[in-house]
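The values are calculated or read from the model by the stated rules, or taken from the named source; none is laboratory data. Keep in mind that this is a model prediction, so the values were computed, not measured. No Cβ is skipped: glycine too gets one built from the backbone with ideal geometry, and neighbour counts run over all protein chains shown. Please note that ligands, DNA and RNA were not included when accessible areas were found on the heavy atoms of the full protein model with its side chains. Shrake-Rupley method; radii C 1.70, N 1.55, O 1.52, S 1.80 Å.
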Amino acid sequence: PFLENVVKHENFITGQYDTSFIDTTPELFIFPIRKDRGTKMLSYIGNVTVNGFPGVEKKKKPVFQKPRVPALDVKKEFQPGTKQILDQHGADGLVNWVKDQKSVLLTDTTFRDAHQSLLATRVRTNDLKQIAAPTSQLLPDMFSYEMWGGATFDVAYRFLKEDPWNRLLTLRERIPNVLFQMLLRASNAVGYKNYPDNVIREFVEKSAFAGIDVFRIFDSLNWIKGMEVAIDAVRQSGKIAEAAICYTGDIDDPTRTKYDIDYYKNMAKELEASGAHILAIKDMAGLLKPQSAYRLISELKDTVSLPIHLHTHDTSGNGIYTYARAVEAGVDIVDTALSTMSGLTSQPSANTLYYALKGTEREPNVNIDSLETLSHYWEDVRKYYTDFESGMMSPHSEVYKHEMPGGQYSNLQQQAKAVGLGHRWEEVKDMYARVNHLFGDIVKVTPSSKVVGDMALFMVQNDLSETDVLEKGEKIDFPDSVVELFEGSLGQPHGGFPKELQSVILKGRNPLTVRPGELLDDVDFTALKEKLFEDLERPVTSFDALGYALYPKVFMEYARTMDQFGDISVLDTPTFLFGMRLGEEIEVEIETGKTLIVKLVSIGQAQADGTRIVYFELNGQAREVVIKDES
Ligand code: 3PY
Ligand code: ZN
C-alpha cells in the first residue's frame, strides 16, 4: 500500500520527482507475488519440455558441452578504454582521439549484428552476460562493442521473453571500459515504421541514460530529412552521432549510374553538415567490392573531415579483401566479429583481419590470443542455436545480383517457407532483384528491404510479372507494407518513386511528400505510464513505456508471459529452448546468491482433457504442474 501511494502520487506520475532509480533498480519495486516464482518457472520448463519452443525442432534436449568461459583475473583492475575517453573528453574529444590513431580501430559486432545475421537474433542475455566481463578484460582496446538495436529490441520481447533494457543495463554493469554501440533506424527507431518525433527523442535519451554511447543512425531510403531528429537527439544527449550512408548499387559499374561516387560524396557532405560526429558506410548486404572500397574511402576522406567507420557483411566471401583495401585508403574503424561468429552473412572475422594486417603500419591494437579465447566461448554457445542457422554453408557471390542484406537472408527464407514457397526459394531471390528494379532501384535495408521481400513473395505466390503488376494492378490488393512505402510513410527515395507504379499501388490516393513524423501526434508518456500501471498492476519504468510505445502488442504479450512464467531470462539456454531430460537436475540462479535446484522426475500420461502432470523436485521438495499438451 505504501508503494501504491507513492507510484500513484501525482508528482510521481507527472515526473516531478527524479524517479530514474526505478528504471535502473526495478527489483526494489517488486510487489507481492501471487504465484510463487518457483512454480511459475516450473510451469515454463514443463511447458517447453512437453510442447517445445517455437522455431526449434522438437526433440529430446541434446547434451551440450559447457561453454568455455575464460577465467577472469579478479585481481586485475579494469583497463580504461574508449568509454573513459568519451566520458572525460566528450564526443569531440573522442573524435579527435580516433583521428589520431594510426592503427585501424575495430568494432566487435558479436553481441548484435553477428547473431542477428547468423542466428536470427536469438542469442539471449544469459549467454551474453557470462562472457561480458571476460570480454571487457580481454578486449579493452576495441573502439566499441555493438550490442543493441537493430532487431534485438523486438526479438528480445517477442521471442526471448526478456527485457531488452535489462540486457543493456546488465552488460553495462559488467563492461565499464568500451563504448557501447547500437543501430538506430532513425525515424523508425528499432521498429519497422516511422514513429512520432517525441518517441524518437525519448528513446534516444533513455538509451543513452541506460548505457549506449555510439548511435549508428541510418534511414532505410538514405533520406537525410528522416535522420535529422535522431541526429539532433543524440547530440543533445552528449553521446556520439554516427550517421550512416547505406551503400547500394556498384560505384564501379558504369551501367549503375543512380548511386555513383558523387551520390555518396554529396550525402557525406550533407551528413557532416547535419551534425554527425562520425560517418558510417553501412554496407548491409556486402556489395562493396574491394577496389570500390578503396576508391570510395579515398574520395570520402578527401570530401569530409569526419572519421569513417565501415560496416560490411561477408556474404560474398570478399569481406577481408574489402577491409584491407579500405584500410589502405585510410578508413578509421571497421566492424568485425569474433571468428566463430563471423563470415557468411555476418561480419568478417576480427581474428583473420588481425593476421591480414599484422606487421603493417595499421595493424589493429588487439591481442590475438584474446580473440581466439573469446571465439572458443562463442563456438560452444552457437551450438545451442543451431535451429536458427540459415543453412548457408559457403560464400554466396550471387549476393551481388540479389542485393539482399545479410540480416534479411534467413528471415526471408523463413517467411518463404511459412507461406509454402520454401521450394521456390531460388525464384524468390531472383524476384527480389526484379522487384528492386521495378521499385526504381531503392536502398534495401530494414524496413525498406522488408517491403521488397514482401513484394517478391507476393509476386511469386500469385505468379505475377512486372507487366501484370502495372497492367492489372488496379485490381490487385498489394501487401500493406508495399502500400505504405509508396504512400511515403517511410520517407522518400533518391530520385522519387516510379510514378506509374505509384499511382497503380495507391489507386488514385495522394502520397505524402513531407516527413511522416511531422504528421504524427506526440505520444503522451505520462498518460501512457498511467494506463500501463492500471493494466500491469505494477510500477512502470520509462523503459516499459518505450517498449509499449514502439511495440504495443508485442510488449503486452511479453508482460503476459512474465505474469505466467515469471522472469525466465534466468534459465540457461538449453533449458529455455529444450526444457529438461527425465531425471536431469539443473541449478537456476534466480537472483545473486539465490539458487534453485530443479529436477524433472517424470511426465504423466496425457489425460482426457489433453493435459499432463509434470512432476518435479524443487530444492528437494516434490512439486507438480499441469501442462496442456499442444500436440
Ligand atoms: C537492422 O536494421 O536491423 C539492420 O541490421 C540493417 O542492416
Ligand atoms: Zn549489418
_Angle in degrees between helix 228-237 and the longest Cα principal axis of the chain, rounded to the nearest 10_ = 60 degrees
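Hey, which of these cross-link pairs are over 28 Å Cα-Cα: K83/K282; K429/K499; K301/K358; K507/K553; K239/K553; K444/K529?
K507/K553; K239/K553; K444/K529
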*How large is the convex hull of the Cα atoms of the range 188-229 per residue, expressed in Å³ as a whole number?*
69 Å³
*C-alpha long axis of helix 37-51 to longest principal axis of the chain, angle in °*: 70 degrees
_What figure, in Å² to the nearest 10, do you get for the accessible area of L344 with a 1.4 Å probe and non-protein molecules left out?_
40 Å²
_Kirkwood Rh and Cα-based Rg: tell me the resulting Rg over Rh for the range 59-143, rounded to two decimals._
1.07
_Hydrodynamic radius (Kirkwood) for the range 509-570, which is based on Cα pairs only, to one decimal in Å_ = 13.6 Å
*asked:* Accessible area per residue for the chain in Å², computed with a 1.4 Å probe and the full protein assembly in place, what is it?
replied: 41 Å²
*For helix 406-418, what angle does its Cα long axis make with the longest principal axis of the chain, in degrees from 0 to 90 and rounded to 10?*
60 degrees
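In terms of the Cα gyration tensor, with a ≥ b ≥ c the square roots of its eigenvalues, is the range 272-311 rounded because a/c is under 1.5, prolate because a/b exceeds b/c, or oblate?
Verdict is oblate for the range 272-311.
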_Point-to-point label distance, E584-K472, nm (Cα→Cβ direction, 7 Å offset)_ = 5.1 nm
*Roughly how much of E361 is accessible, in Å² to the nearest 10, using a 1.4 Å probe?*
140 Å²
*Could you quote the convex hull projected area for the range 303-410, Cα atoms only and averaged over all directions, in nm²?*
8.0 nm²
*Using a Förster distance of 45 angstrom, determine the FRET efficiency expected from the C-beta separation of E591 and T611, and round it to 0.05.*
0.90
*Given that compact globular proteins tend to follow 2.2 N^0.38 Å, what is the ratio of the alpha-carbon Rg of the range 163-271 to that value?*
1.21
*Determine how large the accessible area of I368 is when every protein chain is in place; take a 1.4 Å probe and give Å² rounded to the nearest 10.*
20 Å²
*So how much slack lies between D252 and A527, counting 0.36 nm per residue of separation and subtracting their Cα-Cα distance, in nm?*
93.7 nm
*Loop sites in the range 508-604: GluC sites (Glu not before Pro), DSSP, at most 10 other Cβ within 10 Å*: none
*asked:* Could you give the length gained by full extension between A622 and M392, i.e. 0.36 nm per residue of separation minus their alpha carbon distance, to one decimal place?
replied: 78.2 nm
*the range 123-188 and the range 309-386: distance between their alpha carbon centers, rounded to Å*: 19 Å
*Taking R0 as 30 Å, what's the FRET efficiency between F64 and Q461 from their Cβ-Cβ distance, rounded to 0.05?*
0.20
*Could you estimate the translational diffusion coefficient of the chain from the Stokes-Einstein equation, with Rh from the Kirkwood formula over C-alpha pairs, at 37 °C and 0.692 mPa s, in whole µm²/s?*
127 µm²/s
*asked:* Give me the net charge for the shell around E363: Cβ to Cβ below 14 angstrom, other residues only, Lys and Arg +1, Asp and Glu -1.
replied: 0
*If you wrap a convex hull around the C-alpha atoms of the range 468-575 and split its volume per residue, what is the figure in Å³?*
205 Å³
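Using a simple charge model, +1 on the beta-carbon of Lys and Arg, -1 on the beta-carbon of Asp and Glu, nothing else, what dipole does the chain show about its Cα centre, in debye to the nearest 20?
Taking the Cα centre of the chain as origin, the dipole is about 1040 debye.
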*asked:* For a test of the definition: using alpha carbon positions, the gyration tensor, and the 1.5 limit on a/c, classify the range 100-140 as rounded, prolate or oblate.
replied: oblate
*Between R434 and E57, what is the label-to-label distance in nm when each label sits 7 Å out along the Cα-to-Cβ direction?*
3.3 nm
*Could you check the simple spin-label distance between S298 and D100, using points 7 Å along Cα→Cβ, in nm with one decimal?*
2.9 nm
_For the range 522-631: span of alpha carbons on each principal axis (Å, largest first)_ = 54, 40, 22
*What percent of all Cα-Cα pairs in the range 111-211 falls in each 5 Å bin, counting up from 0?*
2, 13, 23, 26, 20, 11, 4, 1, 0
*How much FRET efficiency would the formula 1/(1 + (r/R0)^6) give for K499 and N367, where r is the Cβ-Cβ distance and R0 is 45 Å, rounded to 0.05?*
0.20
*Kindly provide log₁₀ I(q)/I(0) values, in the same order as q = 0.13, 0.18, 0.20, 0.24 Å⁻¹, from the Debye equation applied to equal alpha-carbon scatterers of the range 149-196.*
-0.35, -0.63, -0.75, -0.94
*Could you name the aspartates and glutamates in cross-link range of K265, using Cα to Cα under 12 Å and dropping any fewer than eight places away on the same chain?*
E299, D302
*Isotropically averaged projected area of the range 221-271, using the convex hull of Cα atoms (one quarter of hull area), nm²*: 3.7 nm²
*What is the diffusion coefficient of the range 426-529 in µm²/s, taking the Kirkwood radius over Cα pairs and the Stokes-Einstein relation at 20 °C with a viscosity of 1.002 mPa s?*
146 µm²/s
